[in-house]
Amino acid sequence: MKNLILNSLHTIGVSSLLRGRKKNQLTVLSLHRISNERNVFWNPIQPKTFNQLLTYVKKNYNVIGFEELEHIEGAKSTKPYLILSFDDGYYDFYEFALPLLVKHGLPSNHNIVNECANKNKIIWTQHLNVLFEHSIQNSIPLEIEFADRKTTLSDFGNSWMSFYLNTFKTLLNMPVSERESVMNQLQNAMGIDTSCRMMNWEEIRECNANGVEIGSHTFAHDSLGTIKDLGALEKEILTSKRETEKLLGKKVNVLALPNGQTGKQADAVISNSDYKFVLYVNDELNRMPISKDNNPIPISRVNMVDEPFPQMALRMEQFHKMLRRNV
């Protein structure tokens, strides 16, 4: 019933009506994987749906990149502005998304995790997704052992999603050494292959040559707010930038915060860097022209998830956010 109602709202023009209110606003979409692979806890957007999304934004938006954004002083377009922003550097971007972006002639931004590109290392969030997926598909009685407690599925009323979300949030706020200890225990207990193909630097350079502006998603995708050591913070924020610039031969202007998280000390390092933009995920829009009072300029993004395209259109037009405000 929910799907039917939402699909009908898009069909009768609610998405178009909401988009008409964006005259002086910039929409930045936060995207990750584009793949037919399925995962109960974090589904990639399917290529067919992504193609529908590109068709929609090409028709209804002036799609630009961050390089162009900083030069726009006022509303120069009859259509609202939009940026397609990707994180993490999964290979399926190169396999599925890039050909569609080239087909539609649309620019984009992709923020790379250096460890993933250097070593094909999986980020901890995807590692967690794979472990939970294996557990639910094989009815494994998963037990998570933290320093102060153990949690099991029964602690969450046998709701796998509640169990997963609690685990994710707990790990998100842990120092990396403690997080890796928990993850390694889970990995060793299951003994499965959790690898996931990431783009290498050659593929990243090819993306860059085809209209994809490369940014940083930190060096190892750690939660910046949990890092106390200044050197470790500088590696995540600054070394990632310098290494990417060296390998691409091009300046990196964009920093996307892992999981949208930061902290006071991380903010100080970022403010003293020469990034031009820092990206958050808070489902907000940005006023145009963008304010240049802050350096770097904070940019809000709308998180996109795997769902039928009509619902995706409603989400990017802020329908879901409007509902939350009125509940």
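Couple of notes before you dig in:
- Pair list, Cβ under 7 Å, 6 or more apart: segment 242-255 residue in contact (Cβ under 8 Å) with a residue 40 or more places away in the chain, other residue among the aromatic types (Phe, Trp, Tyr): Leu247/Trp201; Asn253/Phe66; Asn253/Tyr275; Asn253/Phe277; Val254/Phe66; Val254/Tyr275; Val254/Phe277; Leu255/Tyr275
- Number of the condition not met by Gln137 [criteria: (1) touching a helix residue (DSSP H, G or I) at 6+ places or on another chain (Cβ under 7 Å); (2) surrounded by fewer than 13 Cβ atoms within 10 Å (Cβ to Cβ)]: (1)
- Test: residue in segment 26-36 that is basic (Lys, Arg) and either touching a strand residue (DSSP E or B) at 6+ places or on another chain (Cβ under 7 Å) or not assigned by TED's automatic domain parsing to the domain that holds His221 (or both): yes
- Close pairs from segment 95-118: first among the aromatic types (Phe, Trp, Tyr), partner crowded, with 24+ Cβ neighbours inside 10 Å, Cβ under 7 Å, at least 6 apart: Phe96/Ile34
- Residue that is surrounded by the most Cβ atoms within 10 Å (Cβ to Cβ) [pool: residues in segment 1-34 that are farther than 30 Å from Ile136 by Cβ and charged (D, E, K, R)]: Arg19
The rows are residues; the columns are (1) crowded, with 21+ Cβ neighbours inside 10 Å; (2) at pLDDT 95 or above.
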{"site": "Asn36", "(1), (2)": "no, yes"}
{"site": "Phe50", "(1), (2)": "yes, yes"}
{"site": "Glu70", "(1), (2)": "no, no"}
{"site": "Leu82", "(1), (2)": "yes, yes"}
{"site": "Tyr91", "(1), (2)": "no, yes"}
{"site": "Tyr94", "(1), (2)": "yes, yes"}
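- Pairs with Cβ under 8 Å, 6+ apart, first in segment 205-226 and without any contact (Cβ under 8 Å) to a residue 60 or more places away in the chain, second assigned to a helix (DSSP H, G or I) and acidic (Asp, Glu): Asp222/Glu236; Leu224/Glu236
- Within the set His71, His127, His110, the sole residue that is farther than 30 Å from Leu17 by Cα and either out of contact with any Lys or Arg (no Cβ under 7 Å at 6 or more places or on another chain) or among the aromatic types (Phe, Trp, Tyr) (or both) turns out to be His127.
- Taking the criterion of being touching a Gly at 6+ places or on another chain (Cβ under 9 Å), surrounded by fewer than 19 Cβ atoms within 10 Å (Cβ to Cβ) and part of a helix (DSSP H, G or I), the residues of segment 243-271 that qualify are Lys264, Gln265.
- Qualifying residue in segment 129-142 (condition: at pLDDT 95 or above and within 17 Å of the chain's Cα centre (by Cα)): yes
- Residue check, Ile144 over 25 Å from Asp88 (Cα atoms), hydrophobic (A, V, I, L, M, F, W, C) and assigned to a loop (DSSP other than H, G, I, E, B): no
- Residues of segment 115-136 satisfying the condition of being touching a Cys at 6+ places or on another chain (Cβ under 6 Å) and either of a type in the set (D, E, K, R) or not in a helix (DSSP H, G or I) (or both): Ile122
The values are calculated or read from the model by the stated rules, or taken from the named source; none is laboratory data. Keep in mind it's a predicted model, so treat the numbers as computed, not measured. Counting neighbours? That spans all protein chains shown, and the Cβs are built from the backbone with ideal geometry, glycine included.
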